[in-house]
Number of protein chains: 2
Amino acid sequence: MSLLVVGSVAFDAVRTPRGSVDRMLGGSATYFAVAASYFTQVQLVGVVGDDFGEEHHAVLKERGVGTEGLERVPGKTFFWSGEYNADMNERTTHDTQLNVFADFHPKLPPRYRRLPYLFLGNIDPELQSLVQEQMEKPDIIGMDTMNFWIEGKREALGRTLRKIHVLVINDSEARQLSGEYNLLKAARAIRALGPETVVIKRGDNGATLFRDGEIFSTPALPLEEVHDPTGAGDSFAGGFMGYLATHRAEARDGHGLRRAVIYGSVMGSYAVEAFGLERLRRLTRKEIDARFQEFKNLVHID
Amino acid sequence: MSLLVVGSVAFDAVRTPRGSVDRMLGGSATYFAVAASYFTQVQLVGVVGDDFGEEHHAVLKERGVGTEGLERVPGKTFFWSGEYNADMNERTTHDTQLNVFADFHPKLPPRYRRLPYLFLGNIDPELQSLVQEQMEKPDIIGMDTMNFWIEGKREALGRTLRKIHVLVINDSEARQLSGEYNLLKAARAIRALGPETVVIKRGDNGATLFRDGEIFSTPALPLEEVHDPTGAGDSFAGGFMGYLATHRAEARDGHGLRRAVIYGSVMGSYAVEAFGLERLRRLTRKEIDARFQEFKNLVHID
């Protein structure tokens, strides 16, 4: 079943203890779409400038991602530059140039409006609402947000949150949004704002899912080499939503959601093994399932 | 089977966001012994001053902990004062008064020398070696250490590490000891120093066990209230070693060690629910097994 993602497509400059890249394809919608493409048909709505070349388009096309909704306008594509130190859960932003993204107003191609699965990537909550209004009645709406919108657009964010099913955010955002340090209390407070399910990503400390009367937690897989954590959270969301989109019957029950968290973790773990999309775009379904099994073995108790 | 622990018995002054206590019984050996006492007979070797009263002794006695090796000498008991902020994985030490602990030279009562299970609490590695030399041939020797000894007594620490089976330390100590930030590499480097098994405690991010060709990880149980993390790591070690001491046949295989990590996590999770030993000393085996099941449910995937 087709999954629609609306979010940023960007160029990133990234430095980590394992190296640096001056300019590579990135953006939350890009990572999400590539990760989700291993599970389901994905349609991407976003905007790029005229520096977005055929080679960049090819990354999406080779994964079968629909780009009918990827607007191309005069100007430069969104650019982000940042750096990670040894603790890759923390990053420093050096530069953010919104460029063509500053005037982004998502317009859905008419045939996208009936898609059953929607993910609202980390963009202005007013734009997220705009997308919600254009959709007929998706089965599942997932969403991400960040500190910038939590601080500056809380009211708009509140309106968006009321009409989604799953919020996928990281631990510091969950704390900021709820005003609660304790994650159990933070998740409860966030669920009271709308989403029946909250998934809290904790970087290399794993992820935890909260819903009515149920908590599920997975550690991260200890990895030999972490090259670049950029996009890990978006890849997690892509694996999570991608799995749900192909398991409609399970998508609202605990077992399906648990498996979706593991598939999200699998995609996040692959994403960090190389810079940018290099590892993520060259996966096989066999590798994905093998790592799913590694996650099961990691926590297995007789 | 009897488990011997050598380590500190102390009074602690602790402040956390949930309250403060000016003086309460603590110390690594105390937390360890109380936690392990729910699984096996524990003998404690340590030293206290003449401010250690009958009411403190009673905490150990009520849990059946043997105190034949708890020396009482003139002077004051080891005192530690510290504070935790919202992120209870980090603490600030305000005061450390070694007092009678400064001249501690562990002497094992003769009948302790043949005990099959030994835990070397976080004390000077030269004293840890002294204890190892007095023991005949324990089946399993577990050990803890800390930044202070890693910095100041690395050579002595190296000698102690060569003759133990399991090192139980936290993530920052594992990084410092190994010089590796990546925990997979850190554990491998530490295992090359002696211990066949390394258990890395990660506070409210769970714990991970590394041994030959095997990794096991558990998230922490999300808790409604964390009052005081003091002694959580020692309680973890107590649950871990206590379980192994009563499951001799499993103690060297992966399944037994995995269960031991969960029992360690169970004891750590109870320890933080109240200040000092208040929750830990009043547990039932039924509560312990119920929480073991909660840990299993937390990570369960169909």
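The values are calculated or read from the model by the stated rules, or taken from the named source; none is laboratory data. Predicted model, so just to flag it, every value in this text is computed and none were measured. Don't worry about glycine lacking a Cβ; one is built from the backbone with ideal geometry, like all the others, and counts go over all protein chains shown. Areas reflect the complete protein model, heavy atoms only, side chains present, ligands, DNA and RNA absent. Shrake-Rupley method; radii C 1.70, N 1.55, O 1.52, S 1.80 Å.
For the stretch B:4-100, what does the alpha-carbon gyration tensor say about shape, rounded, prolate or oblate, given a ≥ b ≥ c as the root eigenvalues, a/c under 1.5 as rounded, and a/b over b/c as prolate?
Oblate.
Any number yet on Rg/Rh for chain B, C-alpha, Kirkwood?
Rg/Rh: 0.93.
Which distances, shortest first and in nm, link A:HIS94 to the matching position in the other copies, using label points set 7 Å out along Cα to C-beta?
Values, ascending and in nm: 4.3.
Select from B:ALA207, B:ALA232, B:ALA189 the residue whose mean-square fluctuation is largest in a Gaussian network model of chain B (Cα-Cα springs shorter than 10 Å).
Checking each option, the largest mean-square fluctuation is seen for B:ALA189.
So what J values fall out for the stretch B:66-81 if you push phi through Karplus, 6.51 cos²θ - 1.76 cosθ + 1.60 with θ = phi - 60°, rounded to Hz, Gly and Pro as x?
x, 10, 4, x, 8, 5, 10, 10, x, x, 9, 6, 2, 10, 10, 10
Percent relative contact order of chain B, based on C-alpha pairs within less than 8 angstrom and at least six residues apart?
Reported relative contact order: 18 percent.
DSSP H helices in chain A with Cα extent of 18 Å or more along the helix axis and mean Kyte-Doolittle hydropathy at least 0.0?
A:232-246, A:254-271
Along Cα→Cβ at 7 Å, what distances in nm separate the A:LYS137 label point from those on the other copies, shortest first?
7.5
Could you grab the relative contact order for the stretch A:175-302? Cα pairs under 8 Å, six or more apart, rounded to a whole percent.
Result for the stretch A:175-302 is 19 percent.
Might you report the magnitude of the Cβ-based charge dipole of chain B about its Cα centre, with Lys and Arg at +1 and Asp and Glu at -1, to the nearest 20 debye?
With Lys and Arg at +1 and Asp and Glu at -1, about 920 debye.
List the accessible area buried at the contact between B and A, summed over both sides and calculated with a 1.4 Å probe, in Å² to the nearest 100.
Chains B and A together bury roughly 3000 Å² of accessible area.
Above 24 angstrom, tally the Cα pairs of the stretch B:194-302 and express them as a % of all pairs, no decimals.
Percentage above 24 Å: 19.
I'd like the residues of the stretch B:276-302 whose 1.4 Å-probe accessible area shrinks by no less than 30 Å² going from the isolated chain to the full set of protein chains.
Listed by number, the residues meeting the 30 Å² cut-off are B:LYS296, B:LEU298, B:VAL299, B:HIS300, B:ILE301, B:ASP302.
Quantify, in whole percent, the carbon and sulfur part of the accessible surface of chain B (1.4 Å probe; protein heavy atoms only).
That fraction is 48 percent.
What does DSSP give for the protein assembly as shown in terms of the percent of beta bridges that are antiparallel, rounded to the nearest 5?
Roughly 40 percent of the DSSP beta bridges within the protein assembly as shown come out antiparallel.
Please give the Cα centre distance for the stretch A:13-68 versus the stretch B:225-275, rounded to the nearest Å.
Comparing the Cα centres of the stretch A:13-68 and the stretch B:225-275, I get a distance of 45 Å.
Assuming 0.36 nm per residue, please report the length gained on full extension of the stretch A:GLU126 to A:GLU278 beyond their Cα-Cα distance.
Extra length available between A:GLU126 and A:GLU278 comes to 51.5 nm.
Can you tell me the FRET efficiency between B:GLU133 and A:ASN147 if r is taken as the Cβ-Cβ distance and R0 is 56 Å, rounded to the nearest 0.05?
The formula returns an efficiency of 0.50 here.
Hey, with R₀ at 45 Å, roughly what FRET efficiency would B:THR96 and B:GLU214 work out to, going by the Cβ-Cβ distance, to 0.05?
0.75
At a 1.4 Å probe, which residues in the stretch B:244-267 are at least 10 Å² less accessible with all protein chains present than in their chain isolated?
Those are B:HIS255, B:ARG258, B:ARG259, B:ILE262, which lose 10 Å² or more relative to the chain on its own.
How compact is the stretch B:126-280 by the rule of thumb for globular proteins, expressed as Cα Rg over 2.2 N^0.38 Å?
Compactness ratio reported: 1.01.
Buried by at least 20 Å² relative to the chain on its own: which residues of the stretch A:183-217 qualify, computing accessible area with a 1.4 Å probe on protein heavy atoms?
Hits at the 20 Å² cut-off: A:LEU184, A:LYS185, A:ARG188, A:ARG202, A:ASP204, A:ASN205, A:ILE215, A:PHE216, A:SER217.
Can you count the Lys pairs in chain A with C-alpha separation below 26 Å, eight or more apart or on different chains?
Close lysine pairs found across chain A: 19.
Under the Kirkwood approximation for Rh and a Cα-based Rg, what ratio Rg/Rh is obtained for the protein assembly as shown?
With Rg and the Kirkwood Rh in hand, the quotient comes to 1.03.
Taking only protein heavy atoms into account and a 1.4 Å probe, give the accessible area per residue of chain A in Å².
Per-residue accessible area for chain A comes out at 39 Å².
Once fully extended, how much extra length lies between B:ARG162 and B:GLU196, figured as 0.36 nm per residue of separation less the alpha-carbon to alpha-carbon distance?
Difference between extended and current length: 11.3 nm.
B:LYS76: net charge of surrounding residues, Cβ under 13 Å, Lys/Arg +1, Asp/Glu -1, itself excluded?
-2
Using a 10 angstrom Cβ neighbour count of at most 13 plus a DSSP loop assignment to flag exposed GluC sites (Glu not before Pro), which longest range of chain A is free of such sites?
In short, A:1-89.
What are the extents of the Cα atoms of the stretch A:30-75 along their three principal axes, listed from largest to smallest and rounded to whole Å?
33, 18, 15
Inter-copy label distances at B:GLU68, 7 Å along the Cα→beta-carbon direction, one decimal in nm, shortest first?
8.3
Just to verify a number: FRET efficiency for A:LYS76 and A:THR246, C-beta to C-beta distance, R0 = 60 Å, to 0.05?
After rounding to 0.05, the efficiency reads 0.95.
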